[in-house]
Structure formats: C-alpha cells, structure tokens
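Let me begin by presenting the structure, written as structure tokens, before commenting on it.
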There are 2 protein chains.
Amino acid sequence: MGESIEKIDSALLDLRNGKFILVYDNESREGETDIVIASEFAAPESIRTMRKDGGGLIFLMIPNEIANKLKLPFLADLFSDVDARYPVLKELIPNDIPYDTKSSFSLYINHRNTFTGITDIDRSLTMRKFAELTKKIDGIDDGLATKMFGKEFRSPGHIPICIAAKNLLSERAGHTELIVSLLKMGGLTPVGSGCEMMGDDGKALSKIKAKQYANDNGLVFLEGKDIVRAWKQWSK
Amino acid sequence: MGESIEKIDSALLDLRNGKFILVYDNESREGETDIVIASEFAAPESIRTMRKDGGGLIFLMIPNEIANKLKLPFLADLFSDVDARYPVLKELIPNDIPYDTKSSFSLYINHRNTFTGITDIDRSLTMRKFAELTKKIDGIDDGLATKMFGKEFRSPGHIPICIAAKNLLSERAGHTELIVSLLKMGGLTPVGSGCEMMGDDGKALSKIKAKQYANDNGLVFLEGKDIVRAWKQWSK
C-alpha cells in the first residue's frame, strides 16, 4: 500500500517533468501496457519513442468535459445517429467488443499547420496544440470554443481522440480514464498522449516484458488498480 | 524506360509472392515512401515490419468500386452530410490539405474476431479478411455485400481504410491509387496494406534513405511516375 502510493507520486513527478510512464490496465480487461506522456510535453522524439518502442496506435486521451465543450462526439454515437442515411454503419455496429461495452473513439484530427499529418513533427504538433487549446478554452463558452478548435484543427486526420467516461474511474477503467485521472491528480493539463506496447510474438507486450522495459529505461510502471486506489483517495 | 518496365515487373512479381515493395509518390506531392504488401498476404510479421521499419499509420487501400459495393463512404463526405447535427464537423472541415484536394479516408474497422484490434495478430487478421471479403462479394448484389461486410467487421476500429479515386491514376496519384493500380496490373486482389516510412529527424524518411532501405532488404523501390507510365500502357 505504502509502496503503491510512492509509485504514484514518482509517476506524477515524472509526468510533470515531461517523462514517459507505463500504465498496465489489468488482467481481466485488455491486459495491455500503454506508454504515456502528458501531451503538453509531446515532442517529435516522443512520437518516435512511442512508435518504435510502443508500436500500437498513437492517440490522444481527453476528459469528458473537454469533449463536451468542443462538441466532440463519440464516433459510435455519431455513427448510430446517421445510420439511416449510411446503412453500412448499422451493419458495422460495434456491439461485440470483448473487453468493454463501448468504444471511446472520437474524431481523428490534424493541426492545420501540419503537412501530411503523420510525421513525428506533425503528430507531436497536433498533440501539443490540442493540450494548449484545452487551456485556452477554460472559462470560454462552448460555441466559441468549438470555433477556436476548428480554426486550428481539421478532421479527418491522423490523431485519434479517445474521450474518457464522464465519471472517470468510477465508471470505466480503460487507459483513457486511468491516464486522464493521473494527469488531473498531477495538476497537469488533462490531455494525454499514449501508445499500446506490442510484443514480437504478434500479441500485446507481456506484463513481464513491459516491466523489464520500464526498468531498463528508468520509467515508472503503474497498474490500473494502483491508480484507481489513489484516485479514490484523491477525489474524496 | 526499359529499366523502369523491368522494375515494375519485379515489383509485380514480389507482390504476387507476398513480399513488400516501397512506393514513393513524388516530390511535388507528399514526398513520402510507403512500405506496401498485398493485403491477402498480410501476416503478423508484416504488421511488425510496417510498424518498426515504417512507423506511420498502418492502413488499407481499396478500389472505388469495392467501396461502392460495400457502401463505404469517404469520411469527409459523411461528415459534411451530418454537420448540421454535429456543428463541430463544420468547423473542422479539411479544406486546407496542402498536398491534395480531398482526404481519401473512409471508416476505421476491426474484424469481429479480433480482441483489442491493435496487436500484430489482430491487425493482420482484419487486413487479410478484408481482402478475402473482396473476393467473396464479386458478383454479389450490394445489399448482401454490405451485410456480409457487417457480419465480419465492426467500426470504429483500428484499421483505416483509404478509398482510391474512381478513375485511379487519371484522377489522383496518391499512394492509394498507385498501389491499387499495381495490384490490378499484377492480377492480385486489389486491396493493399501500407505504412508511411518515417525518418529519425522527425520528418518522412528521405528518398535517399528509403532507397538505401530497399537495397539493404532486397526490395523493389518504385516511383509514382513509373507506375503512372506502366498503368497508362496497361489500361490502353
């Protein structure tokens, strides 16, 4: 218990210093480790590390209230709203996700100052600028916030946004909720950049190997249950 | 000229043998090299190579007539159709893509037998099964084809589909059109899997370094202009 609090504290310190941390959800969910950084510190080298050492999808994680303010929908909701017009969406309904009830995917965006949108420079720009926007729209009304969003970003793009559940860890304990909660506990802009870590055997990197990577690279390795416990304490 | 035809022939042979080829578009477009394989041969190791040696987005490329048959929309069209209901989409209109007039992105899919959808095993399954579906729906009516599609796949997912322009290389010469044209010339199922190659300097891998990679790995390196020339000859 004491050890777990200490680990959370080092993770928050590392996040505040712009370092990566590793977050494993849990055995009964995805059983997957994500390599994560606070988006305000996302640099081209961060994207390079995520794609080389992670290898999964490089994505943004944002709180529900920011999505609300920007009028960013869950893609699954948008699809089911328009499936009369696009019947293929009715056929493709994601009603059989093995580890959860709902996909947290929203739109894919690029910052308008990117070129292709996919280079390390471009992806880090999109992420950093999204974190900056999040700070800028604080206290601004929704309509204006959406306009500010559109002035800087376009969609479709190359950075998928995942929206955290409204009640965070009391509702869902996916990576998006785990990381947004950590960033809030750390007093950081609550926008995270992450990538799933893949193994050489075609599967997700095993927990043992992910811990080894953390050790080798001086990174904190957290498990979902530690974050949930700290979050409950913190939000009391 | 003779050399360029020879290179096209080796590329087609390699594609038929399930090998990767490299395709560079051209200086005045993205200036980007994609590492590409025919999707019918996409194995977990292919995804590993693409994410480790490519590093960009791992995506599917499909012909316009297949998209039509499956009723797969361009995402940009879907978005502009529903932007009265989702005003944020109006703000995010991608009317300023520097290298083209239109994004070729369609939906993101996962095969329903995947778990997270992002592992090498999962992504290769989604790609291979999509190529198989393409063969199965030949001669089948659109409504049934869409149902067959939905029975096997869900969206949102982790594999972005890019749809080639209707008139292929006489209309647009992006990677999607270049690769779909090559697969057609090679008599293969015209569904390709590819990934943009990234450099260590934050930018797309330079043409010189991409050529070096091709040399080191015994892969054919093609340029857009060679493919366009061969395609014109072939479609006469």
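The values are calculated or read from the model by the stated rules, or taken from the named source; none is laboratory data. In this text the structure is predicted, and so the values were computed from the model without any measurement. No Cβ is skipped: glycine too gets one built from the backbone with ideal geometry, and neighbour counts run over all protein chains shown. Remember, those area values only see protein heavy atoms, side chains included, never the ligands or the DNA or RNA. Shrake-Rupley method; radii C 1.70, N 1.55, O 1.52, S 1.80 Å.
Before moving on, here are some points about what is shown:
- Evaluation of B:Lys166 against (1) in contact with a strand residue (DSSP E or B) (Cβ under 8 Å, 6 or more places away or on another chain); (2) surrounded by fewer than 24 Cβ atoms within 10 Å (Cβ to Cβ); (3) not aromatic (Phe, Trp, Tyr) (one fails), failing number: (1)
- Of all residues in the stretch A:113-135, those that are open to solvent by 20 Å² or more (accessible area, probe 1.4 Å) have Cβ atoms under 8 Å from Cβ atoms of residues that are modelled with pLDDT under 95, 6 or more apart or on another chain, in A:Phe115/B:Glu30; A:Phe115/B:Pro98; A:Phe115/B:Tyr99.
- Within the stretch B:75-90, tally of residues that are at the interface with another protein chain (Cβ under 7 Å from one of its Cβ atoms) and open to solvent by 50 Å² or more (accessible area, probe 1.4 Å): 3
- Residue, nearest to the chain's Cα centre (by Cα), within the stretch A:95-135, restricted to residues that are aromatic (Phe, Trp, Tyr) and in a loop (DSSP other than H, G, I, E, B): A:Tyr99
- Taken over the stretch A:181-236, the criterion of being of a type in the set (Asp, Glu) and touching a residue at least 12 places away in the same chain (Cβ under 8 Å) is satisfied by A:Glu196, A:Glu223, A:Asp226.
- Remark: A:Arg112 matches the filter, which requires a residue to be farther than 30 Å from B:Asp142 by Cβ and in contact with a helix residue (DSSP H, G or I) (Cβ under 9 Å, 6 or more places away or on another chain).
- Condition met for B:Gly139 (farther than 30 Å from B:Arg229 by Cα and either open to solvent by less than 60 Å² (accessible area, probe 1.4 Å) or in contact with a helix residue (DSSP H, G or I) (Cβ under 9 Å, 6 or more places away or on another chain) (or both)): no
- Checked against the criterion of being within 8 Å of another protein chain (Cβ to nearest Cβ) and within 28 Å of B:Ser46 (Cα to Cα), the stretch B:131-146 contains one or more residues that satisfy it.
- Residue ID - nearest to A:Lys225 (Cα to Cα), chosen from residues in the stretch A:177-210 that are hydroxyl-bearing (Ser, Thr, Tyr) and open to solvent by 10 Å² or more (accessible area, probe 1.4 Å): A:Ser206
- For the stretch A:32-48, the tally of residues that are open to solvent by 20 Å² or more (accessible area, probe 1.4 Å) and either among the hydrophobic types (A, V, I, L, M, F, W, C) or over 16 Å from the mean Cα position of the chain (by Cα) (or both) stands at 5.
- Residues of the stretch A:100-112 that are more than 7 Å from chain B (Cβ to nearest Cβ) and either touching a Cys at 6+ places or on another chain (Cβ under 6 Å) or open to solvent by 20 Å² or more (accessible area, probe 1.4 Å) (or both): A:Asp100, A:Thr101, A:Lys102, A:Ser104.
- Residue check for A:Ile62: β-branched (Val, Ile, Thr) and either modelled with pLDDT under 95 or under 30 Å from A:Asp142 (Cβ atoms) (or both): yes
- Any hit, the stretch A:184-193, residues being at negative phi, modelled with pLDDT of 95 or more and in a helix (DSSP H, G or I): yes
- Flag for A:Lys184 being touching a Pro at 6+ places or on another chain (Cβ under 7 Å) and more than 14 Å from chain B (Cβ to nearest Cβ): yes
- Counting the residues of the stretch B:51-71 that are open to solvent by 10 Å² or more (accessible area, probe 1.4 Å), over 17 Å from A:Gly117 (Cα atoms) and either more than 8 Å from chain A (Cβ to nearest Cβ) or touching a residue at least 12 places away in the same chain (Cβ under 8 Å) (or both) gives 7.
- Test: residue in the stretch A:209-222 that is aliphatic (A, V, I, L, M) and either assigned to a strand (DSSP E or B) or under 16 Å from the mean Cα position of the chain (by Cα) (or both): yes
- Flag if B:Asp138 is more than 16 Å from B:Met50 (Cβ to Cβ), at pLDDT below 95 and either more than 18 Å from the chain's Cα centre (by Cα) or in a helix (DSSP H, G or I) (or both): yes
- If you go through the stretch A:1-28 and keep only what is charged (D, E, K, R) and open to solvent by 30 Å² or more (accessible area, probe 1.4 Å), you end up with A:Glu3, A:Glu6, A:Lys7, A:Asp9, A:Arg16, A:Lys19, A:Glu27.
- Residues being open to solvent by 10 Å² or more (accessible area, probe 1.4 Å) and assigned to a helix (DSSP H, G or I) - total across the stretch A:147-163: 4
- Residue in the stretch B:92-114 that is out of contact with any strand residue (DSSP E or B) (no Cβ under 7 Å at 6 or more places or on another chain) and of a type in the set (Gly, Ala, Ser) present: no
- Scope the stretch A:14-26; condition touching a residue at least 12 places away in the same chain (Cβ under 8 Å) and out of contact with any Phe, Trp or Tyr (no Cβ under 6 Å at 6 or more places or on another chain); matching residues: A:Asp14, A:Leu15, A:Arg16, A:Lys19, A:Phe20, A:Ile21, A:Val23, A:Tyr24, A:Asp25, A:Asn26
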